[in-house]
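Below: the structure, in structure tokens.
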Number of protein chains: 2
Amino acid sequence: MDVDGLCVNTLRFLSVDMIEQARSGHPGLPLGAAPMAYVLWDRLLRFDPRDPAWPDRDRFVLSAGHGSALLYSLLHLYGYDLPMEELRRFRQWGSRTPGHPERGLSPGVEATTGPLGQGLGMAVGMAIAGRFLEDTFNLPDVRVFGHRVYALVSDGDLMEGVSYEAASLAGLLRLDNLVCLYDDNGVSLEGPTAKAFTEDLRGRFEAAGWNVLRVEDGNDLDGIEGAVRSALAAKGRPSLVAIRTHIGYGSPKQDSHSAHGEPLGKEAARATRRSLGWKVEEPFHVPAEALAHCRKAVERGAALSAGWRDGVARMRKRAPELAGRLEQFLDGKLPDGWKAALPSFSAADPPLATREASSKVMNALNKALHEMGPYHILVGGSADLNPSVKTFLSGFGEFGFTKEYPHNIHFGVREHAMGAIANGLALHSRFRPYAATFLVFSDYMRAPIRLAALMRAPVIFIFTHDSVFVGEDGPTHEPVEQVMSLRLVPGLTVLRPADASETVEAWRTAIDRKGPVAIILTRQAVPTLDPARYRIPAGFGRGAYVLSEGKGAGPDLVLVGTGSEVHVVLAAAEELEKKGVSARAVSMPSWELFEEQGEQYRRAVLPAGVPVLAVEAGVTTGWHRYVGERGAVIGLDRFGVSAPGKTAYEKLGFSVEAVVSRAMGLLGR
Amino acid sequence: MDVDGLCVNTLRFLSVDMIEQARSGHPGLPLGAAPMAYVLWDRLLRFDPRDPAWPDRDRFVLSAGHGSALLYSLLHLYGYDLPMEELRRFRQWGSRTPGHPERGLSPGVEATTGPLGQGLGMAVGMAIAGRFLEDTFNLPDVRVFGHRVYALVSDGDLMEGVSYEAASLAGLLRLDNLVCLYDDNGVSLEGPTAKAFTEDLRGRFEAAGWNVLRVEDGNDLDGIEGAVRSALAAKGRPSLVAIRTHIGYGSPKQDSHSAHGEPLGKEAARATRRSLGWKVEEPFHVPAEALAHCRKAVERGAALSAGWRDGVARMRKRAPELAGRLEQFLDGKLPDGWKAALPSFSAADPPLATREASSKVMNALNKALHEMGPYHILVGGSADLNPSVKTFLSGFGEFGFTKEYPHNIHFGVREHAMGAIANGLALHSRFRPYAATFLVFSDYMRAPIRLAALMRAPVIFIFTHDSVFVGEDGPTHEPVEQVMSLRLVPGLTVLRPADASETVEAWRTAIDRKGPVAIILTRQAVPTLDPARYRIPAGFGRGAYVLSEGKGAGPDLVLVGTGSEVHVVLAAAEELEKKGVSARAVSMPSWELFEEQGEQYRRAVLPAGVPVLAVEAGVTTGWHRYVGERGAVIGLDRFGVSAPGKTAYEKLGFSVEAVVSRAMGLLGR
């Protein structure tokens, strides 16, 4: 067996042995796809295993995350800091080799994958990110960015809607820095793909503007290499290289769906060793020759990243200002002045929808970052809703259509891919991508939102049209359960500002925050709170704060509102005062920020023993945490209705009178 | 102007006037697509406006639901019970003409649409339903079913991932009873589609096995008719008829995205009247000639449905048993004996995953319904996970591959389309479709789940692998927030059975229930509760019930569990007894059922003043409703982890010891 064959088999049997040891895992993909992975990693992929964060590295995304054992085998063999002990602890508590690859846990894992289709979407985001950097930082004679993005995808990835959406956009944007290797094994979990997946793949991808290549023998290393090199040479089109493989190659379960998701078993593993000429029965065996061959990547990688640093040094001489920007970008620190550049609002301003306020904030912020700091921090767009969600960064270009500072991405009506692409942008480098749509359509992108939270990717999700007060468009367009549902996602920070000033704070928080943030905004105009009267900046950052106090020693009742309902709560508190009730009004823009405060602060806002009446135009489930047994929630445990927003306000129980009456009832008056 | 032109303009200006009157709505589509809608409704669509539920009617789905004004205009003109007063009350509180079409509110509206892509997915489900009925009930010489499904789709629909997924499956299944009219107007909300949607539509749909036709002039009535007739003649392939139109046709905003989503305004509306030769300034004008022409549909429809009833009468003579089945199916009543046909389990049974128990129940149920009742009630499948979710109905065929009783549908890895298709099946007639995947991937199908709830479509969603105890696959495959998140959807009933016997009850409930149900099942084996000891059938139906009581006059503490955590709760109650604590153990499989009980029952299960400790392997938010201020929740407010399920149990705080210790802490002992 030549060294190539030895390396491929090493990858295969490391994977098989990991899965046998764990008694859990997916051997089908590693056995079939090891050759393409080997060709890619050994002959094409540019990376530095000792500097996994090298900015100009090629990105490799295992979209078919169930093949994780193969990825860990690659990382180990190619010199990343993933020692053999970790491979032996595959899928165990506390290991760096979890069941599906997790970004941040194992060096060299670019994205958390497993939910099918997401990896392809994130790869498109990374390819967009790469293109941004090329267009921004490359000089005619110093090319500091030129990396590629590779994704390994399975049938399952390509059946998911998100993969079509992402592919459609990648074709439109002519992302020729993206190459997908398709592990075409003709088998999915329920059996042969003839049962569920019979598309003409070439036709499909060509229709989306892709270059399609095919390799008929998944073990033909040179054939695979040639196809990928040809893909890299194709200009103006992303490429799909479909490689015909055999799931569970060499095993008794070859070509059967039973090879997909469970260990081969002792006997079958032995038979596989025999059929593939792997003579060592001892598990986790790595032939010295194979190791030596693969580990050459360490030296190769060091030279690559050193060459890149030389390029940056040359850039520093030729174009010092640009080089400074680059360093600033790579460093990820924002210029000191950015917070001061945000607009401020006054109570004298006319009522303003928070989506409009957000637009002003975003634009001011982007302008400031552009002038003072690295060019591209804020990049993003909406799912074909710019005129409604107001997220266009005016004065800046459109990605794919203008070369200079094209901060604006037209995602099209593709919420799901938008989320995945935003994740890819955030993972790639120091972008702070934003992705906007109507709140109700966050349902279309739950999967990437969850992944962002799991990866702590700093994506800013902007969700407007945030309640039944959308009005005439009716229940299909009126979120009811969405705000609470987003609060359930661990690690996602949900911000629902009450007015323009709170919207400024929402953006400040979003930019400062480590993980993903969802900013929830109104369609309808709301009054601007008086910044002189309310301590908005200090209060917002703590998640909830007292806006107004009733007269008397302590409150009889605390009224809590979020977003547009804060104004109802404020008015109701005033009305209650007239009735001799001392009511405190609290704005609670963020549960997550509030929960991070100490018990003392939380008790200061919501004193023990004082009944709480919460008002939010969404489901009531969840609020009992704050209102307790003596309090109540005014919410909406039903779908919305098509009617003018003001009518909905009245009829659905969100008028000031309704709140006052409920409050009096609570107090037994 | 000939009568055709008069009718088309009537549709246009009724729509424009509705939108002007409401000061809200989407005139762009009605102005451009009125001709295709008119051709379809006037020359092709088979319906009986006085019997909107006629079983063999063609289905028309306005996937581009924002064009609702056009649909209401059609319904009114063609004689459905939608009087002019309703058109005048477009988008107002309590009207039958809401902002987007709502099934159940206006006669003749087949599906609630608006969230883009859903209508196309539901249309595919309806086409599958039609094929089921043809294959089951048509005799060689009596063809009782032969209807078509038409969908009107927009750019936005075709950009959504769900449309690709649904189209891919429709092509594979050779659904030649499906025709999509594509309103190809070259404009979406952010501007020309060149910015976001440049696919080769023909290539895309042909790659998915569709027949594609093109009409270059959207005002060419005969051209449109010819293309649709040619589509109907194509065998073995669904058809897309792409019709080039102009958004906002005839208005000053024609071909601009500003025509899409807001009223034209008084001046522009007047200019549009002038440019299209509409002389009457009076709004809501219907020329007598146009009305007379369209209303011929009433007579035509009566003849069509009468002819169908004759066919059924002939069938009754030729094949009385089959005719009986058909009546049973159309009637929607299940045979009396179905509940008795469900299996029962005993405590002597070995531990069994509830997904396995569910498989036994489904299979028994399906067999019984098949023997005793109409053939097709349960139809469905999984998103390529049958071997894991265990939803295959064995002994029955596979839809698209076998003609006889093909209850099993291979949806492929297409959760989103699966949900939409299941909705379409449920809307079409009396099917009880089921759709299965891992619980964590319910995130991919939030939009159709919500729509099912909004439409009260009786879909049974089956979600297995229901917690962090999935184990090795890790956080991407471990639901944490999903159970609670589903509970937030108004009108969705969530059932999380604790064992095999509760799983039987879950199915009984699901079949009896009017709206959609989600059954949440374990991957791991759980003990079987002793049916002799626990009053499971009576208790389950009430959503929560007492499994065991401690000794003493009343409980010191109530332990509440759901699903697999019920067993932990039971064991903890026993341990607490040994420590002198009287602990009640409660199983709470369904919040929705529990909330439907009277206060008295709820208080009997969860007595006022007794602390409650809830245990559920998911987020704690929401549980405070039941545990109150003195109680606590043992849950998981973080993502899961890749490790063997048992390790996860221990390490994440779900051991019996952890529950006991928390309980003692709560009681201050």
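What number of residues within region A:327-339 satisfy the criterion of being under 17 Å from A:Ala506 (Cβ atoms) and not basic (Lys, Arg)? Full working, then the answer.
Taking region A:327-339 as the starting set, the residues that turn out to be under 17 Å from A:Ala506 (Cβ atoms) are A:334, A:338-339.
Filter again for not basic (Lys, Arg), leaving A:334, A:338.
Residues that pass the stated criteria total 2.
What is the residue count in region B:178-196 for residues that are open to solvent by 30 Å² or more (accessible area, probe 1.4 Å) and small (Gly, Ala, Ser)? Number satisfying all stated conditions: 1. For region B:510-522, state whether one or more residues are crowded, with 24+ Cβ neighbours inside 10 Å, closer than 16 Å to B:Gly539 by Cα and in contact with a Pro (Cβ under 7 Å, 6 or more places away or on another chain). Checked against the condition, which is being crowded, with 24+ Cβ neighbours inside 10 Å, closer than 16 Å to B:Gly539 by Cα and in contact with a Pro (Cβ under 7 Å, 6 or more places away or on another chain), region B:510-522 yields no hits at all.
The residue that is nearest to the other protein chains (Cβ to nearest Cβ), among those in region B:403-452 that are aromatic (Phe, Trp, Tyr) and under 30 Å from B:Leu139 (Cα atoms), is B:Phe411. Summed over region B:168-199, residues that are free of Cβ contacts under 8 Å to residues at least 12 places away in the same chain and more than 13 Å from chain A (Cβ to nearest Cβ) total 0.
When region A:213-238 is limited to residues that are open to solvent by 20 Å² or more (accessible area, probe 1.4 Å) and in contact with a Phe, Trp or Tyr (Cβ under 8 Å, 6 or more places away or on another chain), the one that is farthest from the other protein chains (Cβ to nearest Cβ) turns out to be A:Leu221.
Among the helices (runs of 4 or more DSSP H) confined to region A:51-159, the ones with at least 3 residues that are closer than 20 Å to A:His416 by Cα, more than 12 Å from every other protein chain (Cβ to nearest Cβ) and in contact (Cβ under 8 Å) with a residue 24 or more places away in the chain are located at A:118-137.
Filtering region B:323-335 down to residues that are open to solvent by 30 Å² or more (accessible area, probe 1.4 Å) and touching a residue at least 24 places away in the same chain (Cβ under 8 Å), which residue is nearest to the chain's Cα centre (by Cα)? Step through it out loud before you land on a result.
Applying the first criterion (open to solvent by 30 Å² or more (accessible area, probe 1.4 Å)) to region B:323-335 yields B:324, B:327-328, B:330-334.
If we keep only those that are touching a residue at least 24 places away in the same chain (Cβ under 8 Å) as well, we get B:328, B:330-332, B:334.
Details: B:Gln328: 23, B:Leu330: 19, B:Asp331: 21, B:Gly332: 18, B:Leu334: 21 Å.
Looking at the filtered set, the residue picked out is B:Gly332.
Looking at B:Val494, B:Val504, B:Val480, B:Val560, just one residue is assigned to a loop (DSSP other than H, G, I, E, B) and under 32 Å from the mean Cα position of the chain (by Cα), and that residue is B:Val480. Which condition from (1) among the small types (Gly, Ala, Ser); (2) surrounded by fewer than 24 Cβ atoms within 10 Å (Cβ to Cβ); (3) within 10 Å of the chain's Cα centre (by Cα) is the one that B:Gly400 breaks? Among (1) among the small types (Gly, Ala, Ser); (2) surrounded by fewer than 24 Cβ atoms within 10 Å (Cβ to Cβ); (3) within 10 Å of the chain's Cα centre (by Cα), the lone unmet condition for B:Gly400 is (3).
Within region A:371-383, identify whether any single residue is assigned to a helix (DSSP H, G or I), more than 25 Å from A:Ser442 (Cβ to Cβ) and not assigned by TED's automatic domain parsing to the domain that holds A:Ala208, and answer yes or no.
If we filter region A:371-383 for residues that are assigned to a helix (DSSP H, G or I), which is where we start, we get A:371-372.
With the extra rule that they be more than 25 Å from A:Ser442 (Cβ to Cβ), the set shrinks to A:371-372.
From the residues that got through so far, the ones that are not assigned by TED's automatic domain parsing to the domain that holds A:Ala208 too are A:371-372.
Yes: region A:371-383 contains one or more residues that are assigned to a helix (DSSP H, G or I), more than 25 Å from A:Ser442 (Cβ to Cβ) and not assigned by TED's automatic domain parsing to the domain that holds A:Ala208.
Taking the stated definitions as given, is B:Leu425 open to solvent by less than 10 Å² (accessible area, probe 1.4 Å), in a loop (DSSP other than H, G, I, E, B) and in the same structural domain as B:Ile519 (by TED's automatic domain parsing)? Working first, answer last.
Numbers: open to solvent by less than 10 Å² (accessible area, probe 1.4 Å): yes; in a loop (DSSP other than H, G, I, E, B): no; in the same structural domain as B:Ile519 (by TED's automatic domain parsing): yes.
The answer is no for B:Leu425.
Whether a residue is closer than 27 Å to A:Glu321 by Cα, within 22 Å of the chain's Cα centre (by Cα), at pLDDT below 95 and not in a strand (DSSP E or B) was assessed, and A:Tyr405 does not pass this test. Check region B:201-212 and report whether any residue there is basic (Lys, Arg), within 14 Å of chain A (Cβ to nearest Cβ) and buried (at least 23 other Cβ atoms within 10 Å of the Cβ). Looking through region B:201-212, at least one residue is basic (Lys, Arg), within 14 Å of chain A (Cβ to nearest Cβ) and buried (at least 23 other Cβ atoms within 10 Å of the Cβ).
Is it the case, given these coordinates, that A:Ala368 is in a helix (DSSP H, G or I), assigned by TED's automatic domain parsing to the domain that holds A:Arg508 and either small (Gly, Ala, Ser) or open to solvent by less than 30 Å² (accessible area, probe 1.4 Å) (or both)? Explain how you work it out, then say what you get.
Working: in a helix (DSSP H, G or I): yes; assigned by TED's automatic domain parsing to the domain that holds A:Arg508: yes; either small (Gly, Ala, Ser) or open to solvent by less than 30 Å² (accessible area, probe 1.4 Å) (or both): yes.
Criteria met by A:Ala368.
Take the residues in region A:429-444 that are in contact with a strand residue (DSSP E or B) (Cβ under 9 Å, 6 or more places away or on another chain) and open to solvent by 10 Å² or more (accessible area, probe 1.4 Å); name whichever of them is farthest from B:Asp157 (Cα to Cα). Lay out the reasoning, then the answer.
Here is the first cut: in region A:429-444, the ones in contact with a strand residue (DSSP E or B) (Cβ under 9 Å, 6 or more places away or on another chain) are A:431-442, A:444.
Next, from what is left, pick out any that are open to solvent by 10 Å² or more (accessible area, probe 1.4 Å): A:432, A:438, A:441, A:444.
Values: A:Arg432: 29, A:Phe438: 16, A:Phe441: 13, A:Tyr444: 13 Å.
So, considering only residues that are in contact with a strand residue (DSSP E or B) (Cβ under 9 Å, 6 or more places away or on another chain) and open to solvent by 10 Å² or more (accessible area, probe 1.4 Å), the one farthest from B:Asp157 (Cα to Cα) is A:Arg432.
Is at least one residue of region B:239-250 open to solvent by less than 40 Å² (accessible area, probe 1.4 Å), assigned to a loop (DSSP other than H, G, I, E, B) and at positive phi? Give the derivation first.
Here is the first cut: in region B:239-250, the residues open to solvent by less than 40 Å² (accessible area, probe 1.4 Å) are B:239-243, B:245, B:247-248, B:250.
Those still in the list that are assigned to a loop (DSSP other than H, G, I, E, B) too: B:245, B:247-248, B:250.
Then keep just the ones that are at positive phi; that gives B:248, B:250.
Looking for residues that are open to solvent by less than 40 Å² (accessible area, probe 1.4 Å), assigned to a loop (DSSP other than H, G, I, E, B) and at positive phi, one finds at least one in region B:239-250, hence yes.
Hey, does region A:259-269 have a residue that's within 30 Å of A:Arg46 (Cβ to Cβ), modelled with pLDDT of 95 or more and of a type in the set (Asp, Glu)? Scanning region A:259-269, I find no residue that is within 30 Å of A:Arg46 (Cβ to Cβ), modelled with pLDDT of 95 or more and of a type in the set (Asp, Glu), so the answer is no.
Of B:Ile421, B:Ile519, all but one fail to be under 22 Å from B:Ser344 (Cα atoms), within 16 Å of the chain's Cα centre (by Cα) and touching a residue at least 60 places away in the same chain (Cβ under 8 Å); the exception is B:Ile519. Do we find that A:Ser467 is buried (at least 24 other Cβ atoms within 10 Å of the Cβ) and farther than 23 Å from B:Ala453 by Cα in this structure? No; evaluated as a whole, the condition is false for this residue.
Those strands (runs of 3 or more DSSP E) of region B:568-669 in which 3 or more residues are in contact (Cβ under 8 Å) with a residue 40 or more places away in the chain occupy B:583-587, B:612-615.
Go through (1) over 23 Å from B:Val187 (Cβ atoms); (2) open to solvent by less than 10 Å² (accessible area, probe 1.4 Å) for B:Leu74 and report which single condition fails. Checking B:Leu74 against (1) over 23 Å from B:Val187 (Cβ atoms); (2) open to solvent by less than 10 Å² (accessible area, probe 1.4 Å), the one that fails is (1).
In the set (1) more than 10 Å from chain A (Cβ to nearest Cβ); (2) open to solvent by less than 20 Å² (accessible area, probe 1.4 Å); (3) within 18 Å of B:Leu557 (Cβ to Cβ), B:Val656 fails one condition alone, (2).
When the residues of region B:81-106 are filtered to those that are in contact with a Phe, Trp or Tyr (Cβ under 7 Å, 6 or more places away or on another chain) and open to solvent by 30 Å² or more (accessible area, probe 1.4 Å), the one that is nearest to B:Arg59 (Cα to Cα) is B:Met84.
The values are calculated or read from the model by the stated rules, or taken from the named source; none is laboratory data. Keep in mind the model is a prediction, meaning the values are calculated, not measured. When we count neighbours, we look across all protein chains shown, and the Cβ atoms used for this are built from the backbone with ideal geometry, even at glycine. All accessible areas refer to the heavy atoms of the entire protein, side chains included, with ligands and DNA or RNA removed. Shrake-Rupley method; radii C 1.70, N 1.55, O 1.52, S 1.80 Å.
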